[in-house]
Amino acid sequence: MTHHHHTKIREVMTTDPRTVEPSATVQEAAKAMRDQDVGPIPIVESGSLAGILTDRDIVLRVVAEGKDPASTTVGDIASRDLVTIDPEQTLEEALRLMAKHQVRRLPVCEEDGKLVGIVAQADVALEGDDRTTGEVVEEISK
């Protein structure tokens, strides 16, 4: 069991995550979420991370406002306040970011903004020592 203080994000992240373009419709993005059974989907514009789309964004900014998911684009509603992590950072740093921002998934970006993967709370938790993970999970679930 590797101690997660030293395990790098690159060792546990999902490479080649499902992404959408800002021009994709909300309906297409929702289908991608359903097919992949994933939460937030990174929005990528010419290789670089431009935002992230969550199911919550769809509910609050499309459904609640009566917009048409087939004609609203992802770029119209996506959240731009991005929390990302570098592949060279450690799992401990990922857990800290997740707890601080109340997110369960982080896009992994190289320094130039290129999206290289995504890391989920579960990926980090599996590697980390259970005690630390338990505490963080409790924080996030509150």
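Out of the stretch 112-125, which residues are surrounded by fewer than 19 Cβ atoms within 10 Å (Cβ to Cβ) and within 17 Å of Leu97 (Cα to Cα)?
Result: Ala122, single match.
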*State which residue pairs qualify: first residue at pLDDT 95 or above and inside the stretch 1-26, second residue small (Gly, Ala, Ser) and assigned to a loop (DSSP other than H, G, I, E, B) in any location, beta carbons under 6 Å apart, and separation of 6 or more residues or different chains.*
Thr25/Ala70
*Filter the stretch 111-142 down to residues that are at pLDDT below 85 and not in a helix (DSSP H, G or I) and give me whichever is farthest from Asp16 (Cα to Cα).*
Lys142
*Scan Val12, Val26 and give me the residue that is buried (at least 17 other Cβ atoms within 10 Å of the Cβ), of a type outside the set (D, E, K, R), in contact with a strand residue (DSSP E or B) (Cβ under 8 Å, 6 or more places away or on another chain) and over 22 Å from Gln102 (Cα atoms).*
Val26
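Pro42: assigned to a strand (DSSP E or B) and on the phi < 0 side of the Ramachandran plot, yes or no?
Here the answer is yes, as Pro42 does meet what is asked.
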*Among the residues of the stretch 79-96 satisfying the criterion of being over 29 Å from Glu28 (Cβ atoms) and among the aliphatic types (A, V, I, L, M), which is surrounded by the most Cβ atoms within 10 Å (Cβ to Cβ)?*
Leu91
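Of these, Val38, Val108, Val44, which one is modelled with pLDDT under 90 and surrounded by 14 or more Cβ atoms within 10 Å (Cβ to Cβ)?
Working: Val108 fails: modelled with pLDDT under 90; Val44 fails: modelled with pLDDT under 90.
When all the criteria are applied, what remains is Val38.
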*asked:* Being in contact with a strand residue (DSSP E or B) (Cβ under 8 Å, 6 or more places away or on another chain), in contact (Cβ under 8 Å) with a residue 12 or more places away in the chain and under 18 Å from Val38 (Cβ atoms) is the requirement here; does Gly51 meet it?
replied: yes
*asked:* For the stretch 60-78, check the following and say yes or no: at least one residue is in a loop (DSSP other than H, G, I, E, B), surrounded by 17 or more Cβ atoms within 10 Å (Cβ to Cβ), in contact with a strand residue (DSSP E or B) (Cβ under 6 Å, 6 or more places away or on another chain) and at pLDDT below 95.
replied: yes
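The values are calculated or read from the model by the stated rules, or taken from the named source; none is laboratory data. Only a predicted model underlies this, so the values are computations on that prediction, with no experimental measurement involved. Because the Cβ atoms are built from the backbone with ideal geometry, glycine has one as well, and the counts that use them run over all protein chains shown.
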